[in-house]
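Working notes, structure below.
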Amino acid sequence: KAGVTQTPRYLIKTRGQQVTLSCSPISGHRSVSWYQQTPGQGLQFLFEYFSETQRNKGNFPGRFSGRQFSNSRSEMNVSTLELGDSALYLCASSLGQGEDIQYFGAGTRLSVL
Amino acid sequence: QKEVEQNSGPLSVPEGAIASLNCTYSDRGSQSFFWYRQYSGKSPELIMFIYSNGDKEDGRFTAQLNKASQYVSLLIRDSQPSDSATYLCAVNWRTGGFKTIFGAGTRLFVKA
């Protein structure tokens, strides 16, 4: 069974640009969560989606948004990039229906110059 | 403010010893508890999950949960150099969906 797939693996952008990251969950998993990992702040929860609906959101500015499609694939968008957005962005999937064990993808490393 | 606290370490143990990793959390409403292992440059890998008070064993790993004292721990028996990694404690709050808060992680070094 394939794991969680994140694309692209690496991205380099400049300040002010926007970026879209993609996550394909494990087959059968309907919940997708997004996290930002930086050396200073550790792993921080961005948001969780289930059946195309955002169920929970972390404490990030509105520049960070996401969506989920009917096939459970999810995208995360960051607009007006700032230097501080440089991080490893991780996606995790779970069954989501009464079960919250999450499995992580390999991540997308975003560098903002 | 929900918080999850871990000693950042590094924790250094000799090969074959027991490594003990601890985690405390701030909110009694927490419902699910997880330990992940993360090697440098890699994504977190699930090791254990525990929902109820007490111990849960899986191979060389034992997770311990004490909800009254708001702590969860991970014991690694017969530690191996390949166990050297950062161990992340994660706590879920089920609020319709769920929200996960991670601790900052404890770096473990197992000396051969």
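Observations on the model:
- Close contacts from the range B:44-57, counting a first residue that is more than 10 Å from every other protein chain (Cβ to nearest Cβ) and in contact (Cβ under 8 Å) with a residue 12 or more places away in the chain and a second that is surrounded by fewer than 16 Cβ atoms within 10 Å (Cβ to Cβ) and in a strand (DSSP E or B), with Cβ to Cβ under 7 Å and a gap of 6+ residues or different chains, come to B:Met48/B:Lys56; B:Met48/B:Asp58; B:Ile50/B:Lys56; B:Asn53/B:Asn66.
- In the range B:63-105, residue farthest from B:Ser20 (Cα to Cα) [restricted to those that are more than 7 Å from chain A (Cβ to nearest Cβ) and among the aromatic types (Phe, Trp, Tyr)]: B:Trp93
- Members of the range A:69-113 found to be of a type in the set (Asp, Glu), within 11 Å of chain B (Cβ to nearest Cβ) and outside any loop (DSSP other than H, G, I, E, B), listed by number: none
- Within the range A:66-113, the residues that satisfy the criterion of being out of contact with any helix residue (DSSP H, G or I) (no Cβ under 9 Å at 6 or more places or on another chain), in contact (Cβ under 8 Å) with a residue 12 or more places away in the chain, among the aliphatic types (A, V, I, L, M) and more than 15 Å from A:Leu46 (Cα to Cα) are A:Leu81, A:Leu83, A:Leu95, A:Ala106.
- When the range A:53-68 is limited to residues that are among the basic types (Lys, Arg) and assigned to a strand (DSSP E or B), the one that is nearest to B:Phe98 (Cα to Cα) turns out to be A:Arg55.
- The range A:52-68: number of residues that are more than 13 Å from the chain's Cα centre (by Cα) and more than 10 Å from every other protein chain (Cβ to nearest Cβ): 4
Where a number appears in this text, it was derived from the coordinates with a stated rule and is not lab data. Because the structure is predicted, anything quoted here is derived from the model rather than measured. Ideal geometry is used to build each Cβ from the backbone, glycine not excepted, and the neighbour counts take in all protein chains shown.
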